[in-house]
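The structure appears below as structure tokens.
The values are calculated or read from the model by the stated rules, or taken from the named source; none is laboratory data. Given the structure is predicted, the values throughout are model-derived calculations rather than measurements. When we count neighbours, we look across all protein chains shown, and the Cβ atoms used for this are built from the backbone with ideal geometry, even at glycine. Note: areas computed on protein heavy atoms with side chains; ligands, DNA, RNA excluded. Shrake-Rupley method; radii C 1.70, N 1.55, O 1.52, S 1.80 Å.
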Amino acid sequence: MPDGQRDSTVSTLLISACPGPPACPAVHTYLFVDGLDLVARSDSEMAGLDPMQLLRPGGPLHPTDMPCNVAVAAQEQPEPGPDRLTIRVKLRGETVVWSDLMYPGPDGRPIEEVRFRLAQYLGEVERAYAALRDQP
């Protein structure tokens, strides 16, 4: 297998949200793949986009058979800017594939693609969205 590509190992997704001020300048989403913060490891000057935008039912992280490019983060440091971190999301049978990635894995080698079991992926997106709705 070429360097930078993972085998067919299934990854785990965990989604969290920063509540915004006073903890951070704005509300943003954390996307953890196998325990690694995808946004921070991809570009430390970026912050995840608003979770209500990313996680809403039928929203951009909802996988479809047709691949789609999804902006998941934007430039935050040193000040907000137009740069975006984009991933490609596709449903392939019972697997959700994120590709066009480029962040260092635990061993330092680049991760270019990850796969999630559909049930775990959708369950995590729904759990994170429900947690947001339940906040005062």
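If I go through the range 47-69 residue by residue, how many of them are within 15 Å of the chain's Cα centre (by Cα) and closer than 19 Å to Arg127 by Cβ?
Of the residues in that region, 14 qualify.
If a residue must be in contact (Cβ under 8 Å) with a residue 60 or more places away in the chain and open to solvent by less than 50 Å² (accessible area, probe 1.4 Å), how many such residues does the range 124-136 contain?
Matching residues across the range 124-136 total 6.
One line per residue, one yes/no per condition, for (1) open to solvent by less than 30 Å² (accessible area, probe 1.4 Å); (2) modelled with pLDDT of 95 or more; (3) at positive phi:
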residue	(1), (2), (3)
Pro82	no, no, no
Val97	yes, yes, no
Gly105	yes, no, no
Arg117	no, yes, no
Leu122	no, yes, no
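Go through (1) over 13 Å from the mean Cα position of the chain (by Cα); (2) farther than 20 Å from Tyr129 by Cβ and name the single condition Arg88 misses.
Going through the list (1) over 13 Å from the mean Cα position of the chain (by Cα); (2) farther than 20 Å from Tyr129 by Cβ, Arg88 breaks only (1).
Within the range 1-29, restricting attention to residues that are crowded, with 16+ Cβ neighbours inside 10 Å and in contact with a Gly (Cβ under 6 Å, 6 or more places away or on another chain), which residue is modelled with the highest pLDDT?
The extreme case among them is Thr29.
Within the range 37-51, count every residue that is touching a residue at least 60 places away in the same chain (Cβ under 8 Å) and open to solvent by 30 Å² or more (accessible area, probe 1.4 Å).
2
Among the residues of the range 52-74, which ones are touching a strand residue (DSSP E or B) at 6+ places or on another chain (Cβ under 6 Å), buried (at least 16 other Cβ atoms within 10 Å of the Cβ) and either among the hydroxyl-bearing types (Ser, Thr, Tyr) or part of a loop (DSSP other than H, G, I, E, B) (or both)?
Pro60, Pro63 - these are the residues of the range 52-74 that are touching a strand residue (DSSP E or B) at 6+ places or on another chain (Cβ under 6 Å), buried (at least 16 other Cβ atoms within 10 Å of the Cβ) and either among the hydroxyl-bearing types (Ser, Thr, Tyr) or part of a loop (DSSP other than H, G, I, E, B) (or both).
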